[in-house]
Amino acid sequence: MTDVSDTTTPSEPPATPADGAAPLLRVRDLEKVFPIKKGLLRRTVAHVRAVDGVSFDIARGEVLGLVGESGSGKSTTGRLLLRLIEPTGGSIELEGKELRDLEGEELRAVRCDMQMVFQDPYSSLDPLAPVADIVGEPFQVHFNMPRKERDEKVVKLLEQVGLSAQHLRRFPAEFSGGQRQRIAVARALALEPKLIVADEPVSALDMSTQSQVVNLLSDLRERLGVALLFIAHDLSIVHHASDRIAVMYLGGIVEVGDADDVYSHPCHPYSEALISAAPVPDPVVERSRRRIVLEGDPPSPLDPPSGCRYHPRCAYAMDICSQVAPEPTPTLAGGEVACHLHTSGPALAGRPLAELSGVTTHEPG
Ligand code: SF4
């Protein structure tokens, strides 16, 4: 019998990279529970399941976009991968090696293969350090490299991100937001990582600079073969930057699939609403689109809704939705979706939502 208190927690991988090769990164049932403490004795009075049974793979050189509203758990997921915060459950394998088993030197060594670019290029760079020291820090920390050799390597990295040797002795305050993010990317590339977790890397930047940084990341992927987990709340940006997209809601992945498929033919009502909220530069397409207003804020993860966590905001909700958590089911396009519409409802059976409503979304631009 189904436990009606279940929540939306797909336990199987939503999708795997298409070529069948062993993934670079394999994440299974990842969990992070934060205790809420109160009072003088700091007693635990509740728990927040910030990340609740998240599973996905990333192939070598692949860009996986992780998208969702603020509070969906996407940034926590990124930090868990690098063990900047400790998971409370699940598995994280990089090239078959379980990262949760590593400590000390072994963990430090594997962190060279996984780097992070943070959201705010204004606070993530030391304002008192010149670019040579910021970008060269990994060479100093890991190899104790002499200054001259370090500077030569830093210049090469700066050139890879569109800066040059003339920027070597400058300080962060002398750069624009986009240039600072380029410096952060150069630092992340220093140790030739296999995977970069880019946590909202463009959301603090203006629109024109956003596309420059997205193009830079795409270009680096092409040239260096580095894989990316691209975390953002704007699905249109994630779509342009990614091979596949995973959509997160309240700690769980609700849909994953090829980036163009998810963006142009979403199968989950939440993906559809996120796409509807994203602006489209073509005014003709923009006028013809149906807007789906996401009512209110996401519910508190302290007290998540029963059944499908999205049901209080879902325009398609049925009786079953508040009682039983939907299991992930394959989409016809090769992804996965967790929604009763595909199984026990009108039985879309993996077909896009548009086939249910007669609504067509826009084609990928
Ligand atoms: Fe969740 Fe039901 Fe809406 Fe699907 S139709 S997203 S299961 S509330």
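Since every read-out is calculated from the coordinates, none of them should be taken as a lab result. Computed from a predicted model, the values in this text were never measured in an experiment. FYI the Cβ positions are ideal-geometry reconstructions off the backbone, even for glycines, and counts take in every protein chain you see.
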Net lengthening on full extension, ALA277/ASP319 (0.36 nm per residue, minus Cα-Cα) | 12.5 nm
In Å³ and rounded to a whole number, note down the convex hull volume per residue for the Cα atoms of segment 130-285.
-> 131 Å³
Placing each pseudo-label 7 Å from Cα in the direction of the beta carbon, THR88 and ALA347 end up separated by a distance in nanometres of 3.9 nm
Determine the principal axes of the Cα atoms in the chain, then give the extent along each, sorted from largest to smallest and rounded to whole angstroms.
-> 67, 58, 45
Subtract the Cα-Cα distance of ASP206 and GLU106 from 0.36 nm times their separation in residues, and report this length gain in nm to one decimal.
-> 32.1 nm
What percent does the relative contact order of the chain come to when contacts are Cα pairs within less than 8 Å and at least six residues apart?
-> 22 percent
Can you figure out the FRET efficiency of ASP260 with LEU40, using R₀ = 41 Å and their beta-carbon distance, to the nearest 0.05?
-> 0.15
Report the far tail of the P(r) of segment 154-220, meaning the percent of Cα-Cα pairs longer than 19 Å.
-> 27 percent
Of all the stretches in the chain, which is the longest one without any exposed loop site, taking GluC sites (Glu not before Pro) in a DSSP loop (any state but H, G, I, E, B) with at most 16 other Cβ atoms within 10 Å?
-> 104-294
Restricting the count to DSSP beta bridges whose residues both fall in the chain, what percent are antiparallel, rounded to a multiple of 5?
-> 60 percent
Go ahead and estimate [θ] at 222 nm for the chain from helices alone: -39,500 (n - 2.57) per DSSP H run with n ≥ 4, summed, over the residue count, rounded to 500.
-> -8500 deg cm²/dmol
Straight-line reach from LYS97: which lysines have a Cα under 27 Å away, not including same-chain ones fewer than 8 places off?
-> LYS32, LYS74, LYS194
So if we plug the beta-carbon distance of PHE171 and ARG147 into 1/(1 + (r/R0)^6) with R0 = 22 Å, what FRET efficiency do we get, rounded to 0.05?
-> 0.80
